[in-house]
There are 2 protein chains.
Amino acid sequence: MPKIVDHQKQREKIAAAAWEVIRTKGMEQASIRNIAKQSGFSVGSIRHYFPSQASLLTFAMNLVSERVNERIHSMSFEGEPFKVMKEFLLQFLPTTKEKEVEMEVWMAFIIKSLSDDSLKEASDEVYKGIKFGAASVIDALKKLKLLKDHLDEEYEVERLFALLDGLALHAVLQKTEFSTEKLERIIEQHLKSLCK
Amino acid sequence: MPKIVDHQKQREKIAAAAWEVIRTKGMEQASIRNIAKQSGFSVGSIRHYFPSQASLLTFAMNLVSERVNERIHSMSFEGEPFKVMKEFLLQFLPTTKEKEVEMEVWMAFIIKSLSDDSLKEASDEVYKGIKFGAASVIDALKKLKLLKDHLDEEYEVERLFALLDGLALHAVLQKTEFSTEKLERIIEQHLKSLCK
């Protein structure tokens, strides 16, 4: 039987190596050569999967959002609504080592997207995705009649979205200051401040 | 009369060129050679002021916080307290082209500091500076007896700080979405939510 190669898996392995280089050495070190060294793939094999560095980086960036989406889709959304909202919002914060890695890489990508148009589209997609997540929470609280009356919903979406990304940034920058418990507490307190 | 060279000014000119390279081409292009090209200084002159790329980048990073500090020190802090707080908090947001440039560069630096220990100290200093700014506002609101009773002040500092950095990040990423008026409105609404 011929050896079956799962090409998507191979691409993901290469992208994971790119993440590791970006996270430990910085975006400026994310050359095909360094990613080859990190992954154990040859430069030639990497070029087979990714004809350019830009295509590799775009794939590696999209993989971050896929991982976040997978986690959200695996949530049951069952139980007490307030707890479900909290759990949902915590998906966007580095409460585990795995998420911490994703968010460090993610931050490096969005900053690179400011000077690299090839990443702008993927960056905008995730921006919209997280904003949609924040909007979904405000909307759900309203439908469940938990949201305080007369709140400016558009503003509350922007505020929740900024709070999430600001916290993610701070937690990545100051790991020892931001325990999982602290992040949970801040999200819980903010959600409570929106509810009747 | 011998020509008097203001060395600090020369260093600032080189740092400004480094900002421009970082902002338009990305941190990975911020080599001494590219900064020389951008600044009009020779590689040799740059090496005279900055013996290493790390010392240049640290200086350029510190210059961002100096600029923010200068703006804050030039504020009169006179007038209606609520307005003064709002004006103070807006110093940390990209409401002008000048601040937009600073914040883009700033974000690039803090991400680089995750994988580059030589920038960690300068990055931590600004982190503490902005957090101190947020804490000063909560503290002032309390002393002025404007702050709502029974607020968890430690939490409010973290929330305000995260809101500021999250908004700065979003405004830099989505320039057309975040007008100065929108940023002012969000800060005003958040401040109002903290006040009696």
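The values are calculated or read from the model by the stated rules, or taken from the named source; none is laboratory data. Computed from a predicted structure; not experimentally measured. Every residue, glycine as well, gets a Cβ built from its backbone with ideal geometry; the counts of neighbours run over all protein chains shown. For the accessible areas, the whole protein counts, side chains as well, though only heavy atoms, and no ligand, DNA or RNA atoms are used. Shrake-Rupley method; radii C 1.70, N 1.55, O 1.52, S 1.80 Å.
Laid out as a table, the results:
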| read-out | value |
| --- | --- |
| Span-rule helices in chain B, defined as complete DSSP H runs reaching 18 Å or more along the axis (Cα) with Kyte mean at least -0.5 | B:53-73, B:97-115, B:120-143, B:153-173 |
| Size of charge dipole - segment A:1-51 - debye, nearest 20, with Cβ of Lys, Arg +1 and Asp, Glu -1, no other charges | 100 |
| Across the identical copies, how the B:L151 labels are spaced - nm, sorted shortest first, 7 Å along Cα→Cβ | 1.7 |
| Cleavage-rule hits, GluC sites (Glu not before Pro), segment B:99-196, DSSP coil, Cβ neighbours within 10 Å at most 16 | B:E177 |
| Computed helical MRE - 222 nm, chain B, DSSP H runs ≥ 4 contributing -39500 (n - 2.57), nearest 500 | -24500 deg cm²/dmol |
| Segment B:1-51, Cα convex hull volume normalised per residue, Å³ | 73 |
| Summed buried accessible surface, chains B and A, 1.4 Å probe, nearest 100 Å² | 3600 |
| Calculated SAXS-style log₁₀ I(q)/I(0) at q = 0.14, 0.17 Å⁻¹ - chain A, Debye, Cα scatterers | -0.85, -1.11 |
| Label point 7 Å beyond Cα along the C-beta direction, distances from A:K182 to other copies (nm, shortest first) | 3.0 |
| B:Q29 versus A:E181: modelled label distance in nm, points set 7 Å from Cα along the beta carbon direction | 4.7 |
| Accessible area in square angstrom per residue, the protein assembly as shown, 1.4 angstrom probe | 49 |
| Förster-model FRET efficiency, 25 Å R0, B:S55 and B:D152, C-beta, rounded to 0.05 | 0.05 |
| 7 Å along Cα→Cβ, label-point gaps from B:V43 to other copies, nm, shortest first | 2.2 |
| Student exercise, segment A:53-194 dipole from Lys, Arg, Asp, Glu Cβ charges, in Debye to nearest 20 | 340 |
| Virtual spin-label span in nm between A:K143 and B:C195, 7 Å along Cα→Cβ | 3.6 |
| Among A:S193, A:V84, A:A134 - extreme Cα towards positive end, dipole of chain A, charges at beta-carbon | A:V84 |
| Leading residue at positive end of dipole, the protein assembly as shown (Cβ point charges), from B:L146, B:G44, B:W19 | B:G44 |
| Positive-end extreme of charge dipole, chain B - chosen from B:F109, B:S123, B:Q10 (charges on Cβ) | B:Q10 |
| Where N is the number of residues in the protein assembly as shown, Cα Rg divided by 2.2 N^0.38 Å | 1.06 |
| Chain B, relative contact order [Cα under 8 Å, separation at least 6], % | 21 |
| Given charges at beta-carbon only (K, R positive; D, E negative), |dipole| of segment A:1-118 in Debye | 480 |
| GluC sites (Glu not before Pro) restricted to DSSP loop in segment B:44-87 with at most 14 other C-beta within 10 Å | B:E78 |
| Hydrodynamic radius (Kirkwood) for segment B:58-120, which is based on Cα pairs only, to one decimal in Å | 12.9 |
